[in-house]
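Enquirer: I have a structure I would like to understand better, so I am pasting it below and will then ask my questions one at a time.
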Amino acid sequence: MLPKKVEAPLTYNFKMNKNAVVFGYHGMKNYGDDFFLDYILNYLELKDINNCFLTSRKGSLTTSQKNKFNTNVVEFLPKKNLIRGYDKWFLLFFYALKSDYLVFCAGSIFTILPERLFFSLIKLLKLLKPSLKIVAIGVSIGPFNNLRKEQYVLDGLNLFDLILVRDKKSLLFERLNNAEFINDLAFTHNPTLNVKTSSLGIALNPYKSVLDSSMLESEFVRNDLIVNCISKYKKSIWGKIQIFITCDDDLYGDNQISYDLQGKLLREGFDIEFVKYDGDINAFEKKLSRVEKLISSRLHSGFFGLINGAQVFQLKYAEKISEFYKGISLESISFHEAYKFSYHELESFLSTPYKHSKTDFETLTELSAIVSEKYNKALSEFFL
């Protein structure tokens, strides 16, 4: 009887290869975060990075997400949180020591983190491996609960080689000495126009109830307001109403309030289609591109609807929504408080005939070229 073949353990030639670690909220079935990840993985591939070690849970990325790049993508977090989630930081430290680059990519990742541990980890990495280059791309910084937490984070950030923030407010910290403003990474995406097949789309996220589960009723009350207003225009709404689930994460995702909204719209006799993000960025965007009007509290759902020619009723659940668009004048998007918008505001949005703004299209196309060039220049100087 022949002995069983023993598979050799998977190894990485750290000395010969160029390696990078990417830190972020990745692998959480979030369309916006996956867009950022797609951007940075594309860039690392262009720079001949052999292995990219990613702070996502093993098996959380789809096979197509991992296999579309020549760069070897390795999810290094265990499937379940260990030691209250601090496993992410200790594993990050280990893989950073084996790498040439440490990349903190996109989002509000410097608002909620273990501040003292973050500073200690960055300081120790720079001490043990001075050649390690550390960059933050498309991030927001703060706000912080107190000055002590702020000090730890800023001391850690000042050890970075490059910080590219997506909002000018993040530059206001006097002790931050190596940051540069470039618009959000999403602005690198060139606008497109597709044929419209539905008059209305809705993309909501449960902001209040994620912060405080006792506030779930606020989400349902908002759904009631939306449904009551839409019902008035039942005869003028053509095609299926598309409900977009932009984040399918069990904890932070949009499922519960989306199914509540679906049930209420079905009772009013509307035809509903669910569009759930499943890791296919292009397919999800294609669906977004086909609605004329979009009610959105998700930041990036609203934005990608906008650059694909939709008129957007953007609900502001946090300050980052305003900062995202600050200084950019657009006709096709209006901003409203996430839970305090009025029936009249939504009624006005729904009753206004759809008309694509050529001016917005030209503005966003020009901005895409400018922002793309800025990121290319900044990152080319970093990834030498």
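The values are calculated or read from the model by the stated rules, or taken from the named source; none is laboratory data. Quick caveat: nothing in here was measured; it's all calculated off a predicted structure. Cβ: placed from backbone, ideal geometry, glycine included. Neighbour counts: every protein chain shown.
Enquirer: Working carefully through the options 321, 328, 295, find the one that is of a type in the set (A, V, I, L, M, F, W, C), outside the structural domain of residue 144 (by TED's automatic domain parsing), out of contact with any Asp or Glu (no Cβ under 6 Å at 6 or more places or on another chain) and within 26 Å of residue 236 (Cα to Cα). If you could, list the steps in order and put the result at the bottom.
Expert: On the way: 321 fails: within 26 Å of residue 236 (Cα to Cα); 328 fails: within 26 Å of residue 236 (Cα to Cα).
Every option except 295 fails the conditions.
Enquirer: Of all residues in the range 75-102, which are outside any helix (DSSP H, G or I) and touching a strand residue (DSSP E or B) at 6+ places or on another chain (Cβ under 9 Å)?
Expert: Of everything in the range 75-102, those that are outside any helix (DSSP H, G or I) and touching a strand residue (DSSP E or B) at 6+ places or on another chain (Cβ under 9 Å) turn out to be 75, 76, 77, 78, 79, 80, 81, 98, 99, 100, 101, 102.
Enquirer: Restrict the check to the range 354-365 and report whether at least one residue is in contact with a strand residue (DSSP E or B) (Cβ under 6 Å, 6 or more places away or on another chain) and either loosely packed, with under 15 Cβ neighbours inside 10 Å or modelled with pLDDT of 95 or more (or both).
Expert: Checked the range 354-365: at least one residue is in contact with a strand residue (DSSP E or B) (Cβ under 6 Å, 6 or more places away or on another chain) and either loosely packed, with under 15 Cβ neighbours inside 10 Å or modelled with pLDDT of 95 or more (or both).
Enquirer: Checking the condition surrounded by 20 or more Cβ atoms within 10 Å (Cβ to Cβ), under 26 Å from residue 66 (Cβ atoms) and among the small types (Gly, Ala, Ser), which residue from 301, 297 passes?
Expert: 301
Enquirer: Yes or no: the range 249-264 includes at least one residue that is touching an Asp or Glu at 6+ places or on another chain (Cβ under 6 Å) and of a type outside the set (Phe, Trp, Tyr).
Expert: As a first pass, look at the range 249-264 and keep what is touching an Asp or Glu at 6+ places or on another chain (Cβ under 6 Å): 257.
Filter once more, keeping what is of a type outside the set (Phe, Trp, Tyr): 257.
Taking every residue of the range 249-264 in turn, at least one turns out to be touching an Asp or Glu at 6+ places or on another chain (Cβ under 6 Å) and of a type outside the set (Phe, Trp, Tyr).
Enquirer: As an exercise: evaluate residue 363 against (1) in contact (Cβ under 8 Å) with a residue 40 or more places away in the chain; (2) not assigned by TED's automatic domain parsing to the domain that holds residue 171 and give the number of the one condition it does not meet.
Expert: If we test residue 363 against (1) in contact (Cβ under 8 Å) with a residue 40 or more places away in the chain; (2) not assigned by TED's automatic domain parsing to the domain that holds residue 171, just (1) comes out false.
Enquirer: If a residue has to be outside any loop (DSSP other than H, G, I, E, B) and either crowded, with 20+ Cβ neighbours inside 10 Å or touching a helix residue (DSSP H, G or I) at 6+ places or on another chain (Cβ under 9 Å) (or both) to count, how many in the range 13-57 make the cut? Before you say what the answer is, go through the steps one by one.
Expert: Within the range 13-57, the subset outside any loop (DSSP other than H, G, I, E, B) is 19-23, 30-46, 51-57.
Within this subset, residues satisfying the condition of being either crowded, with 20+ Cβ neighbours inside 10 Å or touching a helix residue (DSSP H, G or I) at 6+ places or on another chain (Cβ under 9 Å) (or both) are 19-23, 30-41, 43-44, 51-56.
Going through the range 13-57 one residue at a time, the tally reaches 25.
Enquirer: Among the residues of the range 16-58, what is the count of those that are among the acidic types (Asp, Glu) and closer than 13 Å to residue 70 by Cα? Break it down into steps so the answer makes sense when it comes.
Expert: First, the residues of the range 16-58 that are among the acidic types (Asp, Glu): 33-34, 38, 45, 48.
Imposing the further condition that a residue be closer than 13 Å to residue 70 by Cα reduces the set to 38, 45, 48.
Residues in the range 16-58 being among the acidic types (Asp, Glu) and closer than 13 Å to residue 70 by Cα: 3 in total.
Enquirer: From the set of residues in the range 249-282 that are touching a strand residue (DSSP E or B) at 6+ places or on another chain (Cβ under 8 Å), part of a helix (DSSP H, G or I) and among the aliphatic types (A, V, I, L, M), which is surrounded by the most Cβ atoms within 10 Å (Cβ to Cβ)?
Expert: Checked the range 249-282; the qualifying residue surrounded by the most Cβ atoms within 10 Å (Cβ to Cβ) is 261.
Enquirer: Further question on the same structure: From the residues in the range 103-157 that are of a type in the set (Ser, Thr, Tyr) and in a helix (DSSP H, G or I), which one is surrounded by the fewest Cβ atoms within 10 Å (Cβ to Cβ)?
Expert: Step one: filter the range 103-157 for residues of a type in the set (Ser, Thr, Tyr), giving 108, 111, 120, 131, 140, 152.
Checking which are in a helix (DSSP H, G or I) leaves us with 120, 152.
Details: 120: 16, 152: 20.
Among those that are of a type in the set (Ser, Thr, Tyr) and in a helix (DSSP H, G or I), it is 120.
Enquirer: Now for a different question. Taking the range 316-332 only, how many residues are closer than 18 Å to residue 223 by Cβ and either touching a residue at least 24 places away in the same chain (Cβ under 8 Å) or loosely packed, with under 15 Cβ neighbours inside 10 Å (or both)? Give the steps one after another, and end with the answer.
Expert: To start, the set of residues in the range 316-332 that are closer than 18 Å to residue 223 by Cβ comprises 316-317.
Subset that is either touching a residue at least 24 places away in the same chain (Cβ under 8 Å) or loosely packed, with under 15 Cβ neighbours inside 10 Å (or both): 317.
Number satisfying all stated conditions: 1.
Enquirer: Let me ask you something else. Being over 27 Å from residue 184 (Cβ atoms), without any contact (Cβ under 8 Å) to a residue 60 or more places away in the chain and of a type in the set (A, V, I, L, M) is the requirement here; does residue 132 meet it?
Expert: no
Enquirer: Here's a follow-up. Filter the range 236-248 down to the residues that are under 22 Å from residue 208 (Cα atoms) and part of a loop (DSSP other than H, G, I, E, B), then identify the one that is modelled with the highest pLDDT.
Expert: 246
Enquirer: Next up: With the requirement that a residue be surrounded by 12 or more Cβ atoms within 10 Å (Cβ to Cβ), part of a loop (DSSP other than H, G, I, E, B) and without any contact (Cβ under 8 Å) to a residue 60 or more places away in the chain, what does the range 190-221 give you?
Expert: Hit for the range 190-221 is 206, nothing else.
Enquirer: Here are the criteria: (1) buried (at least 18 other Cβ atoms within 10 Å of the Cβ); (2) within 20 Å of residue 354 (Cα to Cα); (3) touching a residue at least 60 places away in the same chain (Cβ under 8 Å); (4) touching a helix residue (DSSP H, G or I) at 6+ places or on another chain (Cβ under 7 Å). Tell me which single one residue 290 does not satisfy.
Expert: (4)
Enquirer: For the range 58-73, give me each residue that is outside any loop (DSSP other than H, G, I, E, B) and either modelled with pLDDT under 85 or over 20 Å from the mean Cα position of the chain (by Cα) (or both).
Expert: If the condition is that a residue be outside any loop (DSSP other than H, G, I, E, B) and either modelled with pLDDT under 85 or over 20 Å from the mean Cα position of the chain (by Cα) (or both), then 63, 64, 65, 66, 67, 72 are the ones that fit.
Enquirer: Counting only residues that are part of a loop (DSSP other than H, G, I, E, B), at pLDDT 95 or above and out of contact with any His (no Cβ under 8 Å at 6 or more places or on another chain), how many does the range 302-323 have?
Expert: Count: 2.
Enquirer: While we're on this one: Pick out the one residue from 236, 231, 218, 214 that is touching a strand residue (DSSP E or B) at 6+ places or on another chain (Cβ under 9 Å) and farther than 30 Å from residue 281 by Cβ.
Expert: The match here is 236.
Enquirer: Sticking with this one: Taking interchain pairs and intrachain pairs at least six residues apart, which have beta carbon atoms under 8 angstrom, with the first residue in the range 333-345 and in contact (Cβ under 8 Å) with a residue 24 or more places away in the chain and the second assigned to a loop (DSSP other than H, G, I, E, B)?
Expert: Listed pairs, sorted by first residue: 338/297; 338/317; 339/317.
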